[in-house]
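Contents: one structure, followed by commentary.
The values are calculated or read from the model by the stated rules, or taken from the named source; none is laboratory data. Everything quoted here is computed from the prediction, not taken from an experiment. Here the Cβ positions follow ideal geometry from the backbone for every residue, glycine too, while neighbour counts run over all protein chains shown.
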Amino acid sequence: MPDDTNSDDLGLLGRSAAVVALRATVRRVADAPYPVLITGESGSGKELVAKAVHRLSRRAVRRFGAVNCAALADELVEAELFGYTKGAFTGAVTDRAGLFEAADRGTLLLDEVGELSQRAQAKLLRVLQDGEIRRVGESQSRRVDVRVVAATNRPLDAAVGAGQFREDLLYRLDVLRMVVPPLRDRGDDVRLLAEHFWSRAQLLTGSRAAPAKSTLAALARYHWPGNVRQLENVVASLVVRGPRHGLVGPSTLPAAFGVTEHDVPTLYEARASFERRFVSGALARAGGRRGQAALELGITRQGLAKLLKRLQLGAAAAGTIRTSGSQ
């Protein structure tokens with residue numbers, strides 16, 4: 001059984017024991033014909049896990065549908081989930097299939113299922129029991145074969161005790177439970193994910209900059225209340241707000257990270273910063289002529305070319321050369 005860092009068939013990136021175990025669980029439950037309940041904090045990757053379950057199942061050739069139950073107004077739940085017929089209510093100008101019909105023989109993710117109203121919970125329970133749906137405004141039932149995956153960031157057991165969630169519905173949904181760990185419990189996965197998101201942001205923005213080691217260290221120390229989603233957004237912000245070339249230091253991080261101007265860079269970062277300024281200055285004084293800049297620096301043209309590549313100054317230097325109109 002593979003447990004590599006980021007299996008192509010799963011898309012669940014991480015080396016931590018928690019994520020390795022999660023990938024193994026996904027593989028075990030993927031083809032089971034039972035509902036799945038995925039629990040975890042907001043932003044921890046519950047939908048990604050649901051998609052992985054679908055991708056490894058026999059239903060992968062059919063549709064994966066998803067709906068955020070918290071965004072469904074109570075009066076629209078039935079129409080969205082089960083569909084409606086023309087004239088069933090004001091605005092129903094044509095027949096429309098609901099999400100259950102659309103996902104027939106596939107998988108349907110009910111995200112934030114704990115936010116459904118009591119009325120909607122009763123409707124959902126009936127579908128799970130009977131395997132049938134009835135469009136709004138229609139008298140006949142339609143059979144559907146849908147694997148339901150429910151996700152929640154709320155403790156549904158406590159919601160049952162508080163009378164906010166139906167106990168019989170919980171029993172129907174909670175056949176195979178999967179727990180997605182919060183990012184703060186995933187150790188070195190923070191650095192791994194940050195580098196992954198950084199590469200993706202570079203492709204989208206054209207940036208050539210890289211995160212400084214101290215920046216990655218600051219990311220690894222943070223407690224991440226918004227989990228993986230927050231990390232992805234922070235990295236995107238760093239790539240956009242930081243320099244286009246060179247290293248992006250920790251001072252670019254938001255204030256919540258507690259990074260101050262007194263933070264001391266590593267020897268590697270300090271040396272790279274000095275070399276970058278020193279070489280850029282020589283190129284500027286030489287008007288972008290690499291031969292003259294190399295002579296001033298006391299190195300060969302080939303040596304300068306390698307230095308520019310290591311310091312990620314090649315594109316900037318090329319721009320200077322084109323502007324100067326020389327070699």
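A few points about this structure:
Results for (1) touching a Lys or Arg at 6+ places or on another chain (Cβ under 6 Å); (2) hydrophobic (A, V, I, L, M, F, W, C), shown as yes or no for each residue.
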{"site": "Glu80", "(1), (2)": "no, no"}
{"site": "Gly83", "(1), (2)": "yes, no"}
{"site": "Thr90", "(1), (2)": "no, no"}
{"site": "Arg96", "(1), (2)": "no, no"}
{"site": "Ala103", "(1), (2)": "yes, yes"}
{"site": "Gly106", "(1), (2)": "yes, no"}
{"site": "Leu110", "(1), (2)": "no, yes"}
{"site": "Gly114", "(1), (2)": "yes, no"}
{"site": "Gln129", "(1), (2)": "no, no"}
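- Per-region count, segment 53-86, residues under 19 Å from Asp145 (Cα atoms) and among the aliphatic types (A, V, I, L, M): 8
- Pairs meeting the criteria (first residue in segment 114-127 and in a helix (DSSP H, G or I), second residue among the basic types (Lys, Arg), beta carbons under 7 Å, at least 6 apart or on different chains) are Gly114/Arg154; Gln121/Arg166; Leu125/Arg166; Leu125/Arg172.
Here is a yes/no grid of residues against (1) touching a helix residue (DSSP H, G or I) at 6+ places or on another chain (Cβ under 6 Å); (2) in the same structural domain as Phe82 (by TED's automatic domain parsing):
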site: Glu132; (1), (2): no, yes
site: Glu138; (1), (2): no, yes
site: Arg172; (1), (2): yes, yes
site: Leu176; (1), (2): yes, yes
site: Val190; (1), (2): yes, no
site: Phe197; (1), (2): yes, no
site: Gly206; (1), (2): no, no
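For every residue, the table says whether it meets (1) in contact with a Gly (Cβ under 9 Å, 6 or more places away or on another chain); (2) assigned to a helix (DSSP H, G or I); (3) buried (at least 17 other Cβ atoms within 10 Å of the Cβ).
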| position | (1), (2), (3) |
| --- | --- |
| Ser139 | no, no, no |
| Asp145 | yes, no, no |
| Val148 | no, no, yes |
| Arg154 | yes, no, no |
| Ala158 | no, yes, no |
| Leu170 | no, yes, yes |
| Arg177 | no, no, no |
| Leu192 | yes, yes, yes |
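- Some residue of segment 74-97 being in contact (Cβ under 8 Å) with a residue 12 or more places away in the chain, in a strand (DSSP E or B) and on the phi > 0 side of the Ramachandran plot: yes
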